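Notes follow once the structure below has been shown.
The values are calculated or read from the model by the stated rules, or taken from the named source; none is laboratory data. These numbers were taken from a predicted model, which means no experiment stands behind them. Using ideal geometry, Cβ is built from the backbone for each residue, glycine included, and neighbour counts are taken over all protein chains shown. Note: areas computed on protein heavy atoms with side chains; ligands, DNA, RNA excluded. Shrake-Rupley method; radii C 1.70, N 1.55, O 1.52, S 1.80 Å.
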Amino acid sequence: MFKSLQRVNKLFIQMAGGALLLSLAATSYAQKVRVAFGDVLSTETLSMVIALERAKAKGVDYEITFFSKEELAIQAVMNGQSDLGVGTPYSVIQKSKAPVRILFQGTRLVFFPVVDKKYANWKALDGQPFTFHARGTGTEAIGNIIAKREGIKFGDRSYVPGSENRAIGMIKGQITGTILDLANKNQLMEKAPGRFTILPGVSNPASDETIFGQMDWIKKNEAKVDIIVGEFYKLWNEMQANPGIVEQERLKYKLMMDQPKEVLEKVSNFYTVSTKEGIYSPLGGGADVAKSDFEFYVEAGQMQGPVDSLKVEDFWYLSPLDKARKAAGK
């Protein structure tokens, strides 16, 4: 009788313990993932919020805090105020040696060298003046990488912050060569057809916005992370085949409903052009992407080289992306 009661009590304890573990697991799973954006909700970031909405539909709820600067979003993750961040934390990871790792490449720094039509190619720009955004910034890093590739040296370097301001300078004839973002490149070519030439840029644009988090949190929430990264990877690949999916999902999840009609009408066109130009890469990251980023950010002065000394595993955690690719049969 006593042994029988012991078995019953033991079974009860095991069942109670199991129920407690299930309850704790359910509670942990139900906790919202805190995401820090170094930007506002806009056409450019819309796809990222859609990916999070899809993850929510699979049981991974989230809450977003929008910051005015990328540095604030990175700091929120570093301080544990947010679980995941959107930005480019390479420099912070290297300098602080913090256990922060990148999980997914959201967007890439796709910029376009635009020059006066009198310059037929890069060789013609050897010794010629060129204009960048500011010293040590992405546009100058792109210029340095191209100059090294083409075996040329720029002449006088000038600096004009803002792609839109450099585009205006091109139209006024004050600038004969610069590097512009996608929107301003398109506007310039539309406003002044036949006046300018687009020269070949970098073949592997560096990461602009990435998804990242602290490894301690990632390891404790691996299932959630796998779902989130999986949804980003899936959507980024769907966008390649059908950029219109973003507008469809925007309506489905009722996002940006307070925006003016003229803004919403441009969503599909923006993603059609952006996916074509490679801003949203279907690869989602990886070792080769990390190495290209190292080259770019060392050249930009935001990371310390040499490039060969930088290890992918010190900046990226590739397991969730590898799982997403495997699930997609890639």
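Worth a mention:
- The order of the peptides 218-225, 306-313 by mean Cβ neighbours within 10 Å, most packed first, is 218-225, 306-313.
- Counted charge near residue 80, where neighbours are those whose Cβ lies closer than 10 Å (Asp, Glu -1; Lys, Arg +1): -1
- What you get for segment 171-312, charging only the Cβ of Lys and Arg (+1) and of Asp and Glu (-1), is a dipole of about 340 debye around the Cα centre.
- Prolate/oblate/rounded call for segment 176-262, Cα gyration tensor, a/c under 1.5 rounded: oblate
- Rounded accessible area per residue of segment 30-115, 1.4 Å, Å²: 39 Å²
- Mean silhouette area of segment 169-313, derived from the convex hull of its C-alpha atoms and averaged over all directions, reads 12.4 nm².
- Listed values for segment 140-154 are Karplus-derived 3J(HN,Hα) couplings in whole Hz (6.51 cos²θ - 1.76 cosθ + 1.60, θ = phi - 60°), namely 6, 4, 4, x, 5, 5, 5, 4, 5, 5, 8, x, 10, 10, 6, and x replaces Gly and Pro.
- Charge dipole magnitude, Cβ of K and R +1, D and E -1 - the chain, Cα centre, debye nearest 20: 720 debye
- Here segment 143-176 and segment 214-258 have alpha carbon centers that stand 36 Å from each other.
- 3J(HN,Hα) from dihedral phi, segment 73-84, Karplus parametrisation 6.51/-1.76/1.60, rounded to Hz, x for glycine, proline: 5, 5, 5, 4, 6, 4, 7, x, 7, 10, 8, 10
- Counting only protein heavy atoms and a 1.4 Å probe, segment 232-330 has 54 square angstrom of accessible area per residue.
- Carbon-plus-sulfur accessible fraction, segment 206-330 (probe radius 1.4 Å, protein heavy atoms only): 52%.
- Of 315, 300, 328, farthest towards positive along the dipole that unit charges on Lys, Arg, Asp, Glu beta carbons give the chain: 328
- Its Cα centre serving as origin, segment 83-218 has a Cβ charge dipole (Lys and Arg +1, Asp and Glu -1) of approximately 460 debye.
- Translational D in µm²/s for the chain (Stokes-Einstein at 25 °C, 0.890 mPa s, Kirkwood Rh from C-alpha pairs): 112 µm²/s
- Accessible surface of segment 36-162 [probe 1.4 Å, protein heavy atoms]: carbon and sulfur percent: 51 percent
- Gained length - residue 323 relative to residue 71, 0.36 nm times residue gap less alpha-carbon distance: 87.8 nm
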